[in-house]
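Data block below; observations after.
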Amino acid sequence: MDRAALADFLRRRREGLRPSDVGLVPGARRRTPGLRREEVAALTGMSVDYYVRLEQQRGPQPSEQMLAALARTLRLSTDERDHLYLLAGHNVPRRTPQDAHVAPALLRVLDRLADSPALILSSLGEVLVANRLATVIFGDHSRLTGWARSNVYRWFTDPATRSVYPPEDHERQARSLVATLRAAYGASGPRSRAGELLAMLLAESDEFRTVWERHEVTRRFEDRKTLVHPEVGHIDVDCQALFTEDQSQALLVLTPAPGSEAENKIRLLAVLGHADFPASR
């Protein structure tokens with residue numbers, strides 16, 4: 001049981017909720033953000049003193065039943081619920097990454113996506129395979145070795161990696177990458193490759209340490225992103241993910257809105273590929 005991390009996780013999730021999120025009336029002005037401790041305790045079915053002690057790092061180990069109730073009260077996602085169990089010292093279904101071998105089912109889908117940028121990622125953000133359009137936008141990562149293959153590692157150690165996103169989106173992208181790494185770390189533990197990557201980034205990046213302290217966790221890739229190509233400019237796309245059953249790999253597909261300017265730009269990139277554009281363009 002990691003008392004300090006559990007206390008921090010509970011407090012941050014409690015502060016991130018509004019009364020209306022859990023069916024409560026906001027009432028008078030609140031001096032603290034989010035829900036009150038007594039509200040969490042009442043909704044969970046535990047004493048206020050018990051919950052306060054958990055946030056103060058001095059409570060006893062919660063039972064699995066209590067953790068399930070806490071997860072419901074705090075509106076945790078599946079990834080966050082699993083993370084809560086691990087912090088409290090309980091087992092959850094383990095997910096064993098198979099990063100070296102691309103899942104055949106995902107590869108079959110990727111093979112049919114010629115008109116949309118698509119790539120298959122490991123749970124640590126390593127690009128395992130990408131179609132032609134994805135390499136045109138993100139670059140060809142097939143020659144990278146070691147941790148340089150990980151989008152998470154490159155984001156915090158190689159500033160050039162960020163050029164594919166507009167500056168105003170850098171903070172959100174950093175938080176998303178770190179939240180994904182936390183989910184992988186929570187599932188596989190400190191002696192895993194996720195633990196090795198975490199240790200390296202904590203040692204090498206002040207920014208990473210700051211984002212890591214937010215204690216955000218997710219595996220959800222569904223999002224809307226703005227990508228930047230040096231020749232065609234900004235490209236707005238919807239981002240959808242298809243995961244393997246063990247959550248170790250994800251097929252990421254980027255699609256523009258039909259009839260949009262972004263769709264025309266992607267069609268142009270599909271024709272021109274990696275060819276140089278005339279300087280006048």
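Read-outs throughout are calculated quantities, based only on the coordinates presented, and are distinct from any laboratory measurement. The model shown is predicted, which means the values in this text are computed figures rather than measured ones.
Numbers at a glance
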item	result
Amide H partners (placed H, <5 Å) of Q249, local residues excluded	T244
Calculated SAXS-style log₁₀ I(q)/I(0) at q = 0.16, 0.21 Å⁻¹ - region 3-87, Debye, Cα scatterers	-0.56, -0.99
With Cα atoms, 0 to 90° folded angle of helix 170-188 axis to the chain main axis	60
Computed [θ] at 222 nm, helices only, for the chain once each DSSP H run of length n ≥ 4 contributes -39500 (n - 2.57)	-12500 deg cm²/dmol
The chain: angle of helix 78-87 to the longest principal axis, Cα-based, in degrees nearest 10	50
Cα-only Debye scattering, region 35-126: base-10 log of I(q)/I(0) at q = 0.15, 0.20, 0.23 Å⁻¹	-0.70, -0.94, -1.16
Overall dimensions of the chain by Cα: Rg and Dmax, Å	21.3, 70
Of every Cα-Cα pair in region 137-195, the percent that sits beyond 12 Å	71
Under Karplus coefficients 6.51, -1.76 and 1.60, residue-wise ³J(HN,Hα) of region 138-153 in Hz, glycine/proline x	9, x, 8, 9, 5, 8, 6, 10, x, 6, 4, 6, 8, 4, 5, 5
Phi to ³J(HN,Hα) by Karplus 6.51 cos²θ - 1.76 cosθ + 1.60 over region 204-217, Hz, x for Gly, Pro	9, 10, 5, 4, 4, 4, 5, 5, 4, 5, 6, 6, 8, 9
Helix 64-73 vs. the chain, principal-axis angle (Cα, 0 to 90°, nearest 10)	70
